[in-house]
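Read the structure below first, then the notes.
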Amino acid sequence: MATQSSRRPVVGIISNSHVLNERYEVHASGHINSAAVTHAAGAVPMIIPCNPDWVKISELMEICDGFLLTGGRPNIHPEEYGEEPTPAHGDFDRQRDAITLPLIRACINRGQPFLGVCRGFQEVNVALGGTLHPEIRELPGRMNHRMPPEGTIDEQFALRHRVHFTQGGVFHTLFGQAEVMTNTLHGQGIMRAGTGIVIDGVAEDGTPEAIYVEGAKGFTLSVQWHPEWNALADPVSKPLFAAFGNALSTWVAHKA
């Protein structure tokens, strides 16, 4: 029989709220998120319903060993970083805000690992007092980072721009190269970095793409692109999820 220390880590996957057939409310997460957690990080995926009336942060942190902060169509409500909402800010999910932002701060304080992706990347910044541009493609000199409206799913998740990392930084060390090609499917981006946020990688147009929390005890790497796509085969996604998996295993051993 396996001992507690040899069990696979459990990763809480942050879900998004949807309405099916204009009437049926669901909490859901993409299949590729669970596949990446299972196969590339070596962990057990567990989808978390983002409703603060149903789950408590302290309970989630005991049940799960780490968290995948997923992407999602709704954006963080700008009130969370001191601004009024405008049409450019898009749709919101206040229940997800109420779960993820305090969860991120609690994980940092405890040293519990998380991996932020797209919206999750932005949540890490906002949780630590940072702000967001509502629509980065409208900024001078910036490219359109949004998902292409047409094409197959493979074409929409195709590699579209380079990300340049700080020489000798955390991401450069992880990937063994100073620049990589990534996909891009987001409309918002970091305007002001939060307290302790280190911008360790930027796109060709200067948009922040890779961050971590300086001085944090646990794994806090977060990226603006979607590494869960093709996670086992992509030369950037695979080492990122593997590093997340190693951090999860270390946490499990620590708990045991």
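No lab work stands behind these numbers, since they all come straight from the coordinates. The model shown is predicted, which means the values in this text are computed figures rather than measured ones. With ideal geometry, Cβ positions are generated from the backbone for all residues, glycine too; neighbour counts draw on all protein chains shown.
The string of couplings for segment 98-109 from the Karplus curve (6.51, -1.76, 1.60, θ = phi - 60°) is 5, 8, 6, 5, x, 5, 4, 4, 5, 5, 4, 5 Hz, one whole number per residue in order, with x for Gly and Pro. When you restrict to C-alpha pairs under 8 Å that are six or more residues apart and normalise by the size of segment 159-243, the relative contact order lands at 27 percent. When only Cα pairs below 8 angstrom with a gap of at least 6 residues are kept, segment 4-255 shows a relative contact order of 22 percent. For segment 1-116, the dipole from Cβ point charges (+1 on Lys and Arg, -1 on Asp and Glu) about the Cα centre works out to 560 debye, to the nearest 20. In a reduced charge model with +1 at each Lys and Arg Cβ and -1 at each Asp and Glu Cβ, the chain shows a dipole moment near 760 debye about its Cα centre. Semi-axes of the equivalent ellipsoid for the chain, computed as √(5λ) from the eigenvalues of its C-alpha gyration tensor and ordered from largest down, come to 26, 22, 19 Å. If both residues of a DSSP beta bridge must be in the chain, then about 60% of such bridges are antiparallel. Close amide H pairs (under 5 Å, H built 1.01 Å from N) link V44 with V10, V11, residues at least 5 positions away or on another chain. Among rounded, prolate and oblate, which fits segment 159-256 when a ≥ b ≥ c are the square roots of the eigenvalues of its C-alpha gyration tensor, a/c under 1.5 means rounded, and a/b larger than b/c means prolate? Oblate. Using the Karplus relation 6.51 cos²θ - 1.76 cosθ + 1.60 with θ = phi - 60°, the per-residue 3J(HN,Hα) values for segment 188-203 come to 9, x, 5, 9, 10, 6, x, 4, x, 6, 9, 7, 9, x, 9, 6 Hz, with x marking Gly and Pro.
Loop-resident trypsin sites (Lys or Arg not before Pro) (DSSP state other than H, G, I, E or B) in segment 160-240 with no more than 15 further Cβ atoms inside 10 Å of their Cβ: K217. Here is the list for segment 11-105: GluC sites (Glu not before Pro) lying in DSSP coil, each with at most 15 other C-beta atoms within 10 angstrom of its C-beta, are E22, E83. Using the Cα centre of the chain as origin and beta-carbon charges of +1 (Lys, Arg) and -1 (Asp, Glu), tell me which of T38, G130, H254 is placed farthest towards the positive end of the dipole. It is H254, whose Cα lies furthest towards the positive end. Note on segment 1-91: antiparallel DSSP beta bridges, both residues inside, total approximately 40 percent of the bridges counted. Need one word for segment 1-122: rounded, prolate or oblate. Basis is the Cα gyration tensor (sqrt eigenvalues a ≥ b ≥ c); a/c below 1.5 gives rounded, then a/b vs b/c decides. Note, shape of segment 1-122 comes out prolate.
Working note: Karplus 6.51/-1.76/1.60 with θ = phi - 60° gives segment 212-226 the couplings 8, 9, 5, x, 5, 6, x, 6, 10, 4, 9, 10, 7, 8, 10 Hz, where Gly and Pro are set to x. Counting only aspartates and glutamates at least 8 places from K238 when in the same chain, those with an alpha carbon closer than 13 Å to its own are E228.
Of all aspartates and glutamates in the structure, the ones whose alpha carbon falls short of 16 Å from that of K56, not counting any fewer than 8 places away in one chain, are D65, D97. Taking amide H positions as modeled 1.01 Å from N, with prolines and chain starts lacking one, the residues under 5 Å from R146 and 5 or more places away or on another chain are H186.
Every helix of 4 or more DSSP H residues in the chain counts as -39500 (n - 2.57), and over all residues that averages to -7500 deg cm²/dmol at 222 nm. Would you work out if segment 132-205 is rounded, prolate or oblate? Take a ≥ b ≥ c from the square roots of the eigenvalues of the alpha-carbon gyration tensor; rounded if a/c is under 1.5, else prolate when a/b is larger than b/c, oblate otherwise. Verdict is oblate for segment 132-205.
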